[in-house]
1. When the scattering of the chain is computed by the Debye formula from its Cα atoms alone, each counted once and equally, what is log10 I(q)/I(0) at q = 0.09 Å⁻¹?
2. Report the gain in length on full extension from Arg185 to Gln106: 0.36 nm times residue separation, minus Cα-Cα distance, nm rounded to one decimal.
3. Output the pairs from Lys212/Lys287; Lys126/Lys372; Lys241/Lys290 with a Cα-Cα distance over 32 Å in this structure; if there are none, say none.
4. What is the fewest-to-most order of Asp295, Asp288 by other Cβ atoms lying within 10 Å of their Cβ?
5. With r defined as the distance between the Cβ atoms of Tyr413 and Glu119 and R0 fixed at 22 Å, what FRET efficiency is calculated, to the nearest 0.05?
6. May I ask you to sort Arg66, Arg305 by Cβ crowding, counting other Cβ atoms within 10 Å and putting the fewest first?
7. Where the centroid of each part is defined by its Cα atoms, how far is the range 1-53 from the range 382-410 in Å?
8. Give, rounded to the nearest 20 debye, the magnitude of the charge dipole that the chain has about its Cα centre when Lys and Arg contribute +1 at Cβ and Asp and Glu contribute -1 at Cβ.
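Read-outs: derived from the displayed coordinates by stated rules, not from any lab. Given the structure is predicted, the values throughout are model-derived calculations rather than measurements. Using ideal geometry, Cβ is built from the backbone for each residue, glycine included, and neighbour counts are taken over all protein chains shown.
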Amino acid sequence: MGKVTGAMLMAQSLKLQGVDYMFGIVGFPVQPIAAAAQEVGIKYIGMRNEQSASYAAQAVGYMTGRPGACLTVSGPGVIHAFAGLANAKENCWPMILIGGASAVSQNGMGAFQEERQVELAAPYCKYSHAVEDPARIPYYVEQAVRHSIYGRPGAVYLDMPDDIIQGEAEESEVVHYPEIPEPPRTQAMPENVEAALDLLETAENPLVITGKGMAWSRAEDEVRDFIEKTQLPFLATPMGKGIMDDDHPLSVGAARSLALQKADVIFLMGARLNWILHFGLPPRFNKDVKIIQLDISAEAIGTNRPTQVPLVGDGKAIMSQVNQALGNRQWFYPADTPWRKAISEKAAENAAMIQPMFDDDSTPTNYYRALKDIVPWIPEDAIIVGEGANTMDIGRTQLQNKRPRERLDAGTYGTMGIGMGFVVAACVANPDRPVVSVSGDSAIGFSGMEIETACRFNLQCKIVVLNNGGIGGGIPELNKDPYKTPPPYLTVGARYDKMMEAFGGFGALVNDPADLPAALEKAMAFDGPALVNVILDPAAGRKPQEFKWHT
Ligand code: ADP
Ligand code: MG
């Protein structure tokens, strides 16, 4: 036995702990880690900005159940990746950031890119540590990976100084830790399970809300069993979409506001009553609504609104417990109730309201008309990334998810800039499946340079840019004086498709919606990344009354 470098120990430990993907940008002092990662069989994806790399690492974590690694240079590289740490923390997604750092021997001396990285990472992380001895790398990696996926998942940080990366340990003295198993699944108190069912049986207007915690927990089979047995109406959160098929007849997605407002008992599963769910408070919720709350985090119970029945533990484990308890009851929510009728009437009313926009073939087009062609074009097994303001909000309502963990968007943190990082992650973790991104034009700008990454790896990503020339819409022509142009406005008709062509992908520009299906077909048929740039009416919006045909 001989000596082994810190870089190699880092790569070996990550591999051993089931970390199969590393996204990063190399330079001082982390280049040897990336090279070692490739040597041990970790897929290394060189990106163009650390933000995107950090977004990619967490998306892989969410999709695969094992954290993705993000590797950055010291100082500014680490700081750029904090965007991803914060996003991972807010989404409760696992990732491991490995930041290069200046040599310990130069601490405090004003070293190149010297920064207090461990302290700065701490508020975003469940675990933030510097490695002080190459021989202890396996220990720290095991701890970091464990923290990222056990309990409520989240971000972790390891600081790797130059002299640790280049330092060596006696191979015979290094202790390797076995791969940590999948997170243990914990069940709820049996009496609480019964209490939850008792409460549901009293409900007149019951509602199930499925959140991305259930997707993370891979509870889809148990949730489907439960909903089909109880016949309860359900609503998915933005990334809780697909735990149940969006098309399922019990989905109340098309009458979301009414369902939230009038529900008297809500079974909240792996979702938080934060801004996305209007804090669970009036006027968006019934002031007397009773909440059954399932969450792995005990601290989350009762946040913003008292919980009548807490179910603390793992989503999959608890739902199988609930299903078992249900088996003794033979209870289900009846087919013919005023609540179901109210929901389906509201859904029909909403559908009628947006129909004129689907039917409007004028040029330039609007969101709904564009989505009319985009929705049926998306393959069944596609992973869908959504980013933007209207593009993402309207996209959420129209783009259908049939399976869990197949929708990635700005999420809990509302982050613009996740787009191409998530696209790259979805492609590399699912090489046999198409990845479709529907993005706003402002949104794609945050991560557009990763189009080069997508082309370099020839990823099967199909990007549609709904281009309204600005942040939430532009104006047909820019003011001659750019300093007088209103702040949200960007270049009208900007050629994002040419960016894709520039790096070797397929690009198409669509001005007239009549040309959209053909452009989409060509993009899908192309072997590699493609971008369809759809010019929208800068005034197109979400609310029907804002549309010109209503006024
Ligand atoms: P959404 O955006 O879909 O509403 P949130 O991110 O707000 O979802 O909430 C997800 C919740 O799921 C978090 O409170 C988190 O603690 C919880 N969670 C994470 N893992 C599990 C698990 N294995 N079982 C149950 N709940 C979980
Ligand atoms: Mg825009």
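1. These q points yield log10 I(q)/I(0) values of -0.71.
2. Values: separation 79, 0.36 × 79 = 28.44 nm, distance 4.47 nm.
Going from the current span to full extension adds 24.0 nm.
3. Details: Lys212/Lys287 25 Å; Lys126/Lys372 43 Å; Lys241/Lys290 23 Å.
In this structure, Lys126/Lys372 exceed 32 Å between Cα atoms.
4. Exposure proxy ranking, most exposed first: Asp288, Asp295.
5. Values: r = 21 Å, r/R0 = 0.97.
Result of the calculation: an efficiency of 0.55.
6. Details: Arg66 22, Arg305 18.
Result, fewest neighbours first: Arg305, Arg66.
7. With the range 1-53 and the range 382-410 each reduced to a Cα centre, they are spaced 31 Å.
8. On the way: 47 positive and 64 negative charges, 207 e Å.
Here the size comes out at about 1000 debye.
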